[in-house]
Structures are given as C-alpha cells and as structure tokens.
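None of the figures in this text is laboratory data; all of them are computed from the coordinates on show. Being a predicted model, the structure only gives us computed values, none of them experimental. Reconstructed Cβ throughout: ideal geometry from the backbone, glycine too, with neighbour counts over all protein chains shown.
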Amino acid sequence: MSIRLLRWCALLCFAALLLVANRTTEKVTPRELHRPTATPDRIILTWAGDPSTTQAVTWRTSNTVERAVAQIAVASEGPEFVKQARTAEARSEAMKTDLNEARSYSVEFTGLQPGTAYVYRVGDGENWSEWNQFRTAAAGTAPLEFIYVGDAQNDIYSLWSRLIRQGLRDAPRMQFIVHAGDLVTTSTSDELWGEWHQAAGWINRSVASFPTPGNHEYPQTDGQRVLAPLYRPQFTLPGNGVAGLEETNYYVDIQGVRMISLNSNERQEEQAAWLDKLLGAGHTNRWVVLTFHHPIYSSAKGRDNPKLREMWQPLFDKHKVDLVLTGHDHTYARTNLVGSTVYVVSVSGPKMYVLERNPRMMRAAANTQLFQIVRIDGGTLQYEARTATGALYDAFELRKANKRGSTNKLTNRVPSMPERLDPPPGR
C-alpha cells in the first residue's frame, strides 16, 4: 500500500472519529416512547368481584388489534400448565389520548379456586404477553398483607419506581397495593400514565391494585372538575358503590377485611348514606379499612377538610372503622386512636409540601418518600411505614377488641430514628 493511500485512510478514519465525537443523541419523544403496539402493555391486575374466586386484568394495545383474549391455567411446577389453559374473550374500549389512539382490554376470570396459584397471559393469538402468576385470596378469614402508598404524582418513572420496588422487597407476600389518589399529576397525560405503569412494571401484573381517585384525577373541563377519561379504561374495578361513581367508590371483602374506597372528590353526602348502610346490619368482617384521597386530619393548616370531617367521621366512629389511609398533603402524619380509628396521611412520590403538624399526630415526616405495610392476622393488625430505602420510620399494633362495639387497643412501636421534619429544599 502506498504512503499516499495510507494518508488518505488515516484522514478518513480521523474524519469518522470527529463525526462520532460531535454526534448528539436525540431524546426519544414521549409519543414514540409510549406508542402502543400490537404487543400488550400496561397490564394490571385488579378485582371486580370476590378476590377468592375472581381476578380482573386490564391491558392496552394499538388500535390495529381487532380481537383480544386472555388465557389462564392453574400454575404447575413445570410448563405443562400451558396445555390446560382456557381462553376468555376480552372486552374492548377505544382510548384517545394526547399522544395517540389505542385500545383498552379487560377480562374478569371467574370460577377460580380460593388460595390457588394461577398463570395467565393476554394477547391477540399471535402477539402475547409473558405468562404472569398470581394467587387468589383465601376463602374466609386468613392472614392478610398489603401495602399502601400516597401520591406518586410526578417524576414517576425516575423517582417513584425505587419506592414501589422497595415495597415488594419488604413485603414480598403482599396481596394488593392501595393507591390513595393522585396516581399522576396530570391525568390527561398519556406520558405520565405510561410512566406509572413502567415504574411498577411486572409488579402490577402479579399483585392486584386497589386505587382511589385524587383531585388530580379530576381535571377541570368546561368549568367543572370531572373524572379524567383515561382513569376508568385502565382499571377493572367493582361497580358496587353509589350509582354513577362506579370504579371510584367501591368495596371488596378479602380474608376477613372489608376494604372500602370512598371518592372524596364528589357526592360525599351520598357516599355517607351508602357507607352507613354498608357497615350496618349484615356486615361480618372483623376489620374495616378505608381509603380516600383528602385527609380527615390534614398535616397542613391551609389544607384542612372540615366539611368532609363533619360528614364522614361520625360514621367512622359509629361503625368503629379501624384504619383510614389517605394522601393529598405530600407529607407523613399518623394519629393515635381518634375515637376508634387510626388516621394516616402519606406520600410516596417526590413532590413534597411543608409540614404543619397537627397536635393529634403521633408521628410525622416532611420531605420523605414512604410506603406502608399492613399485616392482619386474626385479632392483630400490624402497621409499618418505611422509607424508600426500606428503613423503618413508624410502626404500631392494633389489637381488636373482643367485645363488638368496644375500642381497639393501640400499642406504638415507633423506632429510634429521629423525625424528619426539615422542609423540602427551596421552601
């Protein structure tokens, strides 16, 4: 090879290196990142019926998919379950978002056996999800474990994902996740809903979600706040609450616990009458846990909800509600027994507000991402609040009164960690 040719080769290599060095990477746009395809995504488990004999699943595809199905089988130690899978036709709903057009699908598996591991997948016959696994609830009373999180809201994929994944590490046998509203900060944003599903990932495919709507799920439309059109198509939830509030006001009975979602955004008086009846004669569950978004006892003076408190708390006292789980205030605050009830405000996402401590609060925190683990076994309820690193921040135990109508006994088990009361940076 001649010297001249070698020089030309060297110059070409140098030029190529300059091009590589000066090339800038283009950021993937939200439209492309969250583009639906024929492959199912945003797969999430919920309940629309009895958790011991049913399981609902919801997912999304592009609107090019004309027919979708789900398959389910009893889990086996090997792959032989595939041959035993039965197929269920999916219900379909069009979804038009700010980024794209898609289709939402849902199936409710029925006739399942209590306390049994199942595997399922969703697809169109050619494009399938992986086989995912869940376990039905036990029939009747049995030990129960779940986690509860307040507002995820913003920077969800970036900063909330570690929190929800830590929750699984510390409560690996959890049976469901309570989301106390404001799942996303802009409920008309398909990008944020995509982040919410991505952050939890396969957890949503194996652990049922129990969401209640927050004020951010109620954007202002034509001068009124209405439930965002993207909310209900992403979940398959009970319609057993106040008529017109389906899938936002509902209840589920699971292993001796009545779990209730109240919608604190609208029609609160109608829900009060519904709750009074629901917890009246014929109610046999030993424990009652409520979740809704706006706190009865706020952790900020300017965010107090006196009308809601005056309307709902007398019913909580009357029916000896055990635990109330809320969000909205972007701080942490937990009471001792107020009447017969422990009230909690918590935040799981990175958006933080200034704490203004209420004298009723036994334990509080500012600028702290938290998840809460609740374990119920017979007459004992154990509660833990843990930080995003898994550190124990708060804990208590409730002992159910033996005599119906009597007050529970609360024992605080607060760890030695000092309270985190510093305001968020910039405040």
Point to revise | GNM result for the chain, Cα springs below 10 Å: residue of 59, 160, 312 fluctuating most strongly | key: 312
Check your understanding: For the range 32-135, what is the relative contact order in percent, using Cα pairs closer than 8 Å and at least 6 residues apart in sequence?
Key -> 31 percent
Point to revise | Residues in the range 282-307 reached by a label modelled at residue 269 [backbone nitrogen below 18 Å; 7 Å Cα→Cβ] | key: 306-307
Point to revise | Cα Rg over Rh - the range 32-135, Kirkwood | key: 0.99
Check your understanding: How do 190, 422 rank when sorted from fewest to most other Cβ atoms within 10 Å of their own Cβ?
Key -> 422, 190
Check your understanding: How high is the relative contact order of the chain, in percent, counting Cα pairs under 8 Å that sit 6 or more residues apart?
Key -> 13 percent
Revision key, fill the gap. Each label sits 7 Å from Cα toward the beta-carbon; between residue 93 and residue 337 the label points are separated, in nm, by 4.2 nm
**Study point:** Pairwise label distance in nanometres, residue 101 with residue 301, each label 7 Å out on the Cα-Cβ vector
**Key:** 5.4 nm
Point to revise | Set of lysines with alpha-carbon distance to residue 277 below 16 Å, sequence-local pairs under 8 removed | key: 318, 320
Revision key, fill the gap. When the chain is treated as a Gaussian network with springs between alpha carbons less than 10 Å apart, the largest mean-square fluctuation among 48, 385, 228 is found at 228
Review point. Shape of the range 209-311 from its Cα gyration tensor (a ≥ b ≥ c, root eigenvalues): rounded if a/c is under 1.5, otherwise prolate when a/b > b/c, or oblate?
Key: oblate
Check your understanding: Hey, any idea what Rg/Rh is for the chain, computing Rh the Kirkwood way over Cα pairs?
Key -> 1.05
Point to revise | Förster-model FRET efficiency, 51 Å R0, residue 419 and residue 126, C-beta, rounded to 0.05 | key: 0.40
